[in-house]
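Let me begin by presenting the structure, written as structure tokens, before commenting on it.
Just so it is clear, none of the values below were taken in a lab; they were calculated from the coordinates. It should be emphasised that the depicted structure is a prediction, and the values quoted were computed from it without experimental measurement. Please note: Cβ atoms are built from the backbone with ideal geometry, for glycine as well, and neighbour counts cover all protein chains shown.
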Amino acid sequence: RNTIGRLLELIKSCNGELVALTGAGISADSGIPTFRGKDGLWNKYRPEELATPEAFRKDPVLVWEWYAWRMNLVFNAKPNDAHIALALLERKGLLKAVVTQNVDNLHERAGSKNVVHLHGRIDEVRCTECGRVERLNKAPETIPPVCDCGALMRPNVVWFGEPLPVDALNLAVELCSQNSVIVIGTSAVVYPAAQLPYYAKNAGNTVVEVNPEITPLTDLADLSIRQRAGEAFRQIRAILEAGDSP
Ligand code: APR
């Protein structure tokens, strides 16, 4: 209880100069598998076979079957208390933005307006030739989907070996350099996203972590809460919805 009280006090003390950096762990309580650790996707599948440009070139159908499966998981999932609490904090002027490594759309569906996707979005497809991007609300009927221009369409996500969208990364660096950061549900091993909390720390801002496990960020954090995000933010959401003044 007092840990959650401290977390809410820390959040409020930032007076809105706060951004959230989220990873797969925040969607774990919505039933979406994480990548590393127990039951992680990378324990079952080899990323080189499914999440690289070479894999897509070699076998676009295999890659699309895996993404269609993941798209259905996302479309059938619901935002959990952590996603909803972050949207509430934004509405109350206590959170500026969510910078997410996740490709799911649960932050948007929870009501967050300011979401920066560092690794793209699984509910979007992009033409490999003309670059047209289309947002979907269900997995494509036929895979691989073909663009009006005749070329293959790919998931609009960042694969291993590919650069991050430069505007998203620049905005994320700016946000994390100028605000405190609450890091939720990331193993903090994939760069450049894992670098972002250090920008906040180097600028003298506060870093908070919510993760049931220890991570490389745990020592850097001013407060590290060893809890599942859904649990920690269920309490935060209840306090905020009880009309607790910001
Ligand atoms: N609440 C909070 N954190 C959780 C929960 C939970 N309920 N369940 C698991 N976690 C934590 C794990 O302890 C782990 O530290 O979430 C983290 C998930 O780590 P990863 O699976 O590595 O996910 P992430 O850090 O987002 O991966 C980064 O790697 O594969 C690429 O592009 C992919 O965006 C992904 C990137």
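Model label points for residue 214 and residue 195, set 7 angstrom from Cα along the Cα-to-Cβ axis, are 2.7 nm apart. Can you tally the net charge around residue 197? Count Lys and Arg as +1, Asp and Glu as -1, for every other residue whose Cβ sits under 12 Å from the Cβ of residue 197. Here the charged neighbours net out to -2. When only the Cβ of Lys, Arg, Asp and Glu is charged (+1, +1, -1, -1), the dipole of the stretch 22-83 relative to its Cα centre reaches about 40 debye.
Placing +1 on the Cβ of every Lys and Arg and -1 on the Cβ of every Asp and Glu, with no other charges, gives the stretch 175-246 a dipole of roughly 80 debye about its Cα centre. Along the stretch 139-156 the Karplus relation, 6.51 cos²θ - 1.76 cosθ + 1.60 evaluated at θ = phi - 60°, assigns HN-Hα couplings of 5, x, 4, 10, 10, x, x, 10, 6, 4, 7, x, 8, 5, 9, 10, x, 7 Hz to successive residues, with x for each Gly and Pro.
Projecting the Cα positions of 221, 125, 173 onto the charge dipole of the stretch 109-223 (unit charges on Cβ atoms of Lys, Arg, Asp and Glu, taken about the Cα centre) puts 125 furthest along the positive direction. Charging the Cβ of each Asp and Glu at -1 and of each Lys and Arg at +1, and nothing else, the dipole of the chain about its Cα centre rounds to 420 debye.
Helix 81-91 and the longest principal axis of the C-alpha atoms of the chain enclose an angle of approximately 70°.
Per-peptide packing, taken as the mean over residues of other Cβ atoms within 10 Å, places 175-184, 203-212 in the sequence 175-184, 203-212 from highest down.
In terms of the mean number of neighbouring beta-carbon atoms within 10 Å, the peptides 59-67, 153-161 order highest first as 153-161, 59-67. Taking Lys and Arg as +1 and Asp and Glu as -1, the other residues whose beta-carbon sits under 11 Å from that of residue 179 total -1. Using the Cβ of residue 39 as centre and a radius below 14 Å, the other residues enclosed give a net charge of +2, where K and R count +1 and D and E count -1. Remark: relative contact order (the stretch 66-142) = 30 percent; criterion is Cα-Cα distance under 8 angstrom and separation of 6 or more residues. The H on the amide N of residue 115, modeled in the peptide plane, is under 5 Å from the matching H of 98, each at least 5 residues off or on a different chain. The simple spin-label model puts a point 7 Å past each Cα toward its Cβ; for residue 242 and residue 61 those points are separated by 5.7 nm. Sequentially through the stretch 4-11, phi angles give Karplus couplings (6.51, -1.76, 1.60; θ = phi - 60°) of 5, x, 5, 4, 5, 4, 4, 4 Hz, Gly and Pro residues having no value and appearing as x. Residue ranges 108-117, 137-146, 189-198, 16-25 sort as 16-25, 108-117, 189-198, 137-146 when ordered by packing (mean number of other C-beta atoms within 10 Å per residue, highest first). Note on residue 141 and residue 231: with the Förster distance fixed at 51 Å, the Cβ-Cβ geometry gives a FRET efficiency of about 0.85. Annotation: the antiparallel percentage among DSSP beta bridges lying fully within the chain is about 30. Backbone geometry of the stretch 21-35 corresponds, through the Karplus equation with coefficients 6.51, -1.76 and 1.60 at θ = phi - 60°, to 3J(HN,Hα) couplings of 10, 10, x, 4, x, 6, 9, 4, 6, 9, x, 9, x, 7, 9 Hz, x marking Gly and Pro.
Amide H contacts of residue 184: 21, 22, 23, 210, each under 5 Å away and 5 or more positions distant or on a separate chain (H built 1.01 Å from N in the peptide plane; Pro and chain starts excluded).
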